[in-house]
1. DSSP loop trypsin sites (Lys or Arg not before Pro) in the stretch 54-124 with at most 13 other Cβ atoms within 10 Å of their Cβ, which ones?
2. Calculate how steeply helix 206-217 sits against the longest principal axis of the alpha-carbon atoms of the chain, using the helix alpha-carbon long axis, and give the answer as 0 to 90 degrees to the nearest 10.
3. Divide by every residue of the chain the summed helix terms, -39500 (n - 2.57) for each DSSP H run of at least 4, and state the resulting mean residue ellipticity at 222 nm, rounded to the nearest 500 deg cm²/dmol.
4. About the Cα centre, and with charges only on the beta carbon of Lys, Arg (+1) and Asp, Glu (-1), how big is the dipole of the chain? Nearest 20 debye, please.
5. If the chain between Trp116 and Tyr136 were fully stretched, how many nm would it gain, using 0.36 nm times the residue separation less the Cα-Cα distance?
6. By how many degrees, 0 to 90 and rounded to 10, does the Cα axis of helix 83-94 deviate from the longest principal axis of the chain?
7. Testing the spin-label approximation: label points 7 Å from Cα along Cα→Cβ at Ser60 and Ala187. State their distance in nm.
8. Considering the options Leu104, Leu38, Ser129, tell which one lies farthest towards the positive end of the dipole of the chain, charges being +1 on Lys and Arg and -1 on Asp and Glu at the Cβ, about the Cα centre.
Amino acid sequence: MLRAMDLHLVATELLDALLPQRCVACERFGSALHLACLEAEPAASDEPRCGQCWRPGVASPCASCVAAPPAFEALRTPYRFEGAVRRALLEAKFRGVTNVLPLLGERAAAVVPEAWQPTMVVPVPLHRSRERERGYNQAALIGGAVACILGVPCEVGVLKRARATVPQATLRAATRAQNLTHAFECAPLPAGARVLLVDDVTTTGATFEACARALLGAGATAVFPLAVARED
Ligand SMILES: [Zn+2]
Ligand SMILES: [Zn+2]
């Protein structure tokens, strides 16, 4: 039997299917996010950032990267997690509006420095149970678009979440890293693998750091994290 909550969800999904899409930036109908609207969003590189961890408003490399260098080479995002980009990523994650992801992936691919020369894209995995619940992994959809543009394979499934973790957004910075210790495991990688590690959003970089350690442990030569947006 359907509960009131389920009925509400069914009604919302029916309306979504029937109504034309509305842009998260300008609210006009026609697209979930217009290219022109996305191009008007400020770039993360508008402010000075640490070239390694991508933290804003600090020297490069920042004091914390000097004191404890990350396992990964360098992190990049085209955007900050705000405005239309934030709304588009939240819609993709929680409301199934996944058709904005290839465009966001395209913008992310555009900030990959020439020198990175990745040999594969690896999306940050969701735990099996969460992916089953949601029906897709938004990082894999972004990663697929990035891989396609860069002409390298997107290796879904080599990196796995070994156990379900508490959603990082609910934790403070100090407990985030702890939450992720041994959270990821990786199948052996081909010799010389240069991994472009893709996610939708990054905050402290703790998820990227934990994934990078698993990838390096599995034989990667270098890991370069790339997300659509950084929550500054
Ligand atoms: Zn628009
Ligand atoms: Zn740094």
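The values are calculated or read from the model by the stated rules, or taken from the named source; none is laboratory data. Quantities reported herein were computed from a predicted structural model and do not represent experimental measurements. With ideal geometry, Cβ positions are generated from the backbone for all residues, glycine too; neighbour counts draw on all protein chains shown. To get the accessible areas, we keep the full protein, side chains included, count just its heavy atoms, and leave off ligands, DNA and RNA. Shrake-Rupley method; radii C 1.70, N 1.55, O 1.52, S 1.80 Å.
1. In loop regions of the stretch 54-124 (DSSP not H, G, I, E or B), the sparsely surrounded trypsin sites (Lys or Arg not before Pro) are Arg95.
2. The helix 206-217 is inclined about 50 degrees to the chain.
3. -11000 deg cm²/dmol
4. Dipole size: approximately 580 debye.
5. Details: separation 20, 0.36 × 20 = 7.20 nm, distance 2.78 nm.
Contour length minus the Cα-Cα distance gives 4.4 nm.
6. Computed tilt is about 80 degrees.
7. Computed distance between label sites Ser60 and Ala187 equals 3.6 nm.
8. Ser129
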